[in-house]
Amino acid sequence: DSGVTQTPKHLITATGQRVTLRCSPRSGDLSVYWYQQSLDQGLQFLIQYYNGEERAKGNILERFSAQQFPDLHSELNLSSLELGDSALYFCASSVDPSGGHTDTQYFGPGTRLTVL
Amino acid sequence: AQTVTQSQPEMSVQEAETVTLSCTYDTSESDYYLFWYKQPPSRQMILVIRQEAYKQQNATENRFSVNFQKAAKSFSLKISDSQLGDAAMYFCAYRSGGGGADGLTFGKGTHLIIQP
């Protein structure tokens with residue numbers, strides 16, 4: 001158990017809908033990362049937050065957005081869902097991304113999203 | 001942009017034997033980190049080992065060790081005394097070192113099969 005929690009474990013929805021995935025980082029971790037794992041694209045970095053502020057963007061679609069709250073949990077919002085958005089979405093956290101061992105990322109169990 | 005290549009989609013090894021998984025990467029940066037993550041059938045992403053680019057000494061974690069060749073941009077993982085529990089997908093990952101604002105760039109993975 002990495003200490004990173006994600007809810008829900010599974011989510012089934014229809015095209016065009018909007019969903020919210022939730023992540024709670026390990027105790028003491030300030031940085032949260034979101035990743036998408038799909039058969040087509042493999043594992044892709046989406047976005048990073050550090051202490052409530054957006055820190056880096058990867059291959060995140062405009063239909064997707066995220067935020068990190070004052071209690072450091074994070075939510076990933078996916079809207080206007082398409083079949084191709086079906087994937088495993090991981091959240092990871094690290095203490096401090098500035099370097100050293102404190103930037104090692106620990107992954108949550110993931111949320112499996114199925115778009116029908 | 002950095003790229004990570006794992007040229008072996010699948011590897012098979014007899015239990016108790018040694019196996020080496022290959023990874024090469026392309027970057028123009030001098031400061032970075034490299035990782036191996038394991039993803040068993042449960043889909044959990046588990047950190048196996050980490051290497052800082054500025055360290056010449058190869059990282060070791062129990063039965064897992066790396067062969068880091070910076071000039072060749074190669075980062076292979078050696079698993080000694082393979083066990084049935086080592087069966088999983090293994091992902092090589094790269095992270096930029098400066099500033100801490102970046103996610104991981106992953107290779108496509110190597111599926112490791114352990115033959116009893």
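Since every read-out is calculated from the coordinates, none of them should be taken as a lab result. All figures in this text were calculated on a predicted structure; none of them were measured in a lab. In this analysis, Cβ positions are derived from the backbone assuming ideal geometry, glycine residues included, and neighbour counts consider all displayed protein chains.
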The stretch B:1-78: trypsin sites (Lys or Arg not before Pro) in DSSP loop, at most 15 other beta carbons within 10 Å
B:R43, B:K55, B:R63, B:K70
Local charge sum around A:I12 (other residues, Cβ-Cβ under 15 Å, Lys/Arg +1, Asp/Glu -1)?
+1
Classify the stretch A:9-116 from the C-alpha gyration tensor, please: rounded if a/c falls under 1.5, else prolate or oblate depending on whether a/b exceeds b/c.
prolate
Counting other chain Cβ atoms within 10 Å of each Cβ in B:102-112 and taking the mean gives 5
Top of B:A88, B:A16, B:A53 by mean-square fluctuation, Gaussian network on chain B, Cα under 10 Å
B:A16
Pop the C-beta distance of A:N77 and B:I46 into the FRET formula with R0 = 30 Å and round what comes out to the nearest 0.05.
0.65
With a/c under 1.5 counting as rounded, go ahead and sort chain B into rounded, prolate or oblate using the C-alpha gyration tensor (a ≥ b ≥ c being the square roots of the eigenvalues; past the cut-off, prolate if a/b is larger than b/c, else oblate).
prolate
Set of lysines near B:K78 by C-alpha distance (under 30 Å), chain-local residues within fewer than 8 positions excluded
B:K38, B:K55, B:K70, B:K108
GNM on chain A, C-alpha springs below 10 Å: top fluctuator among A:S79, A:S93, A:S24?
A:S79
Just how far, in whole angstrom, is the stretch A:39-116 from the stretch A:1-23 if you go by their alpha carbon centroids?
11
Averaged over the residues of A:54-62, the number of partner chain Cβ atoms within 10 Å of each residue's own Cβ comes to 2
Only Cα pairs under 8 Å and at least 6 apart count here; give the relative contact order of chain B as a rounded whole percent.
38
Using only Cα atoms, locate the centre of the stretch B:4-21 and the centre of the stretch B:68-116, then give the distance between them in Å, rounded to an integer.
10
Give the average over all directions of the projected area of the C-alpha convex hull of the stretch B:1-65, one decimal, in nm².
5.8
When Lys and Arg each count +1 and Asp and Glu each count -1, what net charge do the other residues less than 15 Å away from A:S27, Cβ to Cβ, add up to?
-3
When Cβ neighbours within 10 Å are restricted to other protein chains, what is their mean count per residue of peptide B:43-56?
3
Highest GNM mean-square fluctuation among B:S96, B:S74, B:S28, for chain B with Cα springs under 10 Å, belongs to B:S28
Counted charge near B:F35, where neighbours are those whose Cβ lies closer than 11 Å (Asp, Glu -1; Lys, Arg +1):
+1
